[in-house]
1. May I ask you to say which residue of B:Thr5, B:Thr112 is β-branched (Val, Ile, Thr), at pLDDT 95 or above, within 14 Å of the chain's Cα centre (by Cα) and closer than 22 Å to A:Pro39 by Cβ?
2. Would you mind finding the one in A:Phe12, A:Phe65 that is surrounded by fewer than 16 Cβ atoms within 10 Å (Cβ to Cβ) and of a type in the set (A, V, I, L, M, F, W, C)?
3. Looking at the stretch B:56-67, which of the residues that are within 12 Å of another protein chain (Cβ to nearest Cβ) and part of a loop (DSSP other than H, G, I, E, B) is surrounded by the fewest Cβ atoms within 10 Å (Cβ to Cβ)?
4. Does at least one position in the stretch A:35-45 carry a residue that is buried (at least 18 other Cβ atoms within 10 Å of the Cβ) and either of a type in the set (A, V, I, L, M) or more than 30 Å from B:Arg110 (Cβ to Cβ) (or both)?
5. I'm trying to understand the selection: among the residues of the stretch B:17-53, which are under 16 Å from A:Met97 (Cα atoms) and among the hydrophobic types (A, V, I, L, M, F, W, C)?
6. Does at least one position in the stretch A:44-67 carry a residue that is in a loop (DSSP other than H, G, I, E, B), under 30 Å from B:Phe47 (Cβ atoms) and either in contact (Cβ under 8 Å) with a residue 24 or more places away in the chain or more than 10 Å from chain B (Cβ to nearest Cβ) (or both)?
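The values are calculated or read from the model by the stated rules, or taken from the named source; none is laboratory data. Everything numeric in this text was worked out from a predicted model, so none of it was measured. Here the Cβ is made from the backbone with ideal geometry for all residues, glycine too, and neighbour counts use every protein chain on show.
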Amino acid sequence: GQQLNQSPQSMFIQEGEDVSMNCTSSSIFNTWLWYKQDPGEGPVLLIALYKAGELTSNGRLTAQFGITRKDSFLNISASIPSDVGIYFCAGHNAGNMLTFGGGTRLMVKP
Amino acid sequence: ETGVTQTPRHLVMGMTNKKSLKCEQHLGHNAMYWYKQSAKKPLELMFVYNFKEQTENNSVPSRFSPECPNSSHLFLHLHTLQPEDSALYLCASSQKNRGNSPLHFGNGTRLTVT
């Protein structure tokens, strides 16, 4: 099946630093979604991207739908302790099947 | 409040028990999903219901049996599970006739099989 390669798998950063993570695939996707999962909770949608090249912000979060439709990145600016969690990318293919990446575990040192 | 409510939040069961997980969505969506989340693995899709009809069974063992009585409720009936079935079981919903509509997740049921 289709795979989304998400990197890095984990990152440990200092509070206030900017964060960047990305997802790549050998297949084309029609949408890209970014979710965050806090401990003990389900994933929560952060940003949804629907067009190649689209750049969307949600507060300190910015995500882009790659122009080739095979990748997406998520940036977090000026990280704070509550940014801790696991971030997942996900994409819909032409058949509307949703595939998830393996997640990026973010840890923030105050 | 996520709009998707799952009960119970935690469940411990023996391998010979029968239990059920419940999911209810308050978002007016017409599709519901069961996912399994194990440590160090991507989210695994188990079942999809679209307008109460099962449209996908992702090679899930028969010891997992879904039920969708209406578009707001989804159950996962469990029997004779194995220890490797211990995981977080997530329910999600979406609006299928809006193209690639994002999924909205509940907070999951943490299942431990002893």
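1. It is B:Thr5.
2. Criteria check complete, one pass: A:Phe12.
3. It comes out as B:Ser59.
4. Checked against the condition, which is being buried (at least 18 other Cβ atoms within 10 Å of the Cβ) and either of a type in the set (A, V, I, L, M) or more than 30 Å from B:Arg110 (Cβ to Cβ) (or both), the stretch A:35-45 yields no hits at all.
5. Matches in the stretch B:17-53: B:Ala31, B:Met32, B:Trp34, B:Leu43, B:Leu45, B:Met46, B:Phe47, B:Val48.
6. Checking the stretch A:44-67: not a single residue is in a loop (DSSP other than H, G, I, E, B), under 30 Å from B:Phe47 (Cβ atoms) and either in contact (Cβ under 8 Å) with a residue 24 or more places away in the chain or more than 10 Å from chain B (Cβ to nearest Cβ) (or both).
Yes or no, residue by residue, for (1) acidic (Asp, Glu); (2) farther than 23 Å from A:Ile86 by Cα; (3) buried (at least 19 other Cβ atoms within 10 Å of the Cβ); (4) away from every other protein chain (no Cβ under 14 Å):
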{"site": "B:Lys22", "(1), (2), (3), (4)": "no, yes, no, yes"}
{"site": "B:Lys41", "(1), (2), (3), (4)": "no, no, no, no"}
{"site": "B:Tyr49", "(1), (2), (3), (4)": "no, yes, yes, yes"}
{"site": "B:Thr114", "(1), (2), (3), (4)": "no, yes, no, yes"}
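Conditions tested, residue by residue: (1) touching a residue at least 24 places away in the same chain (Cβ under 8 Å); (2) of a type in the set (A, V, I, L, M, F, W, C).
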{"residue": "B:Lys41", "(1), (2)": "no, no"}
{"residue": "B:Phe51", "(1), (2)": "yes, yes"}
{"residue": "B:His79", "(1), (2)": "yes, no"}
{"residue": "B:Asp85", "(1), (2)": "yes, no"}
{"residue": "B:Ala92", "(1), (2)": "yes, yes"}
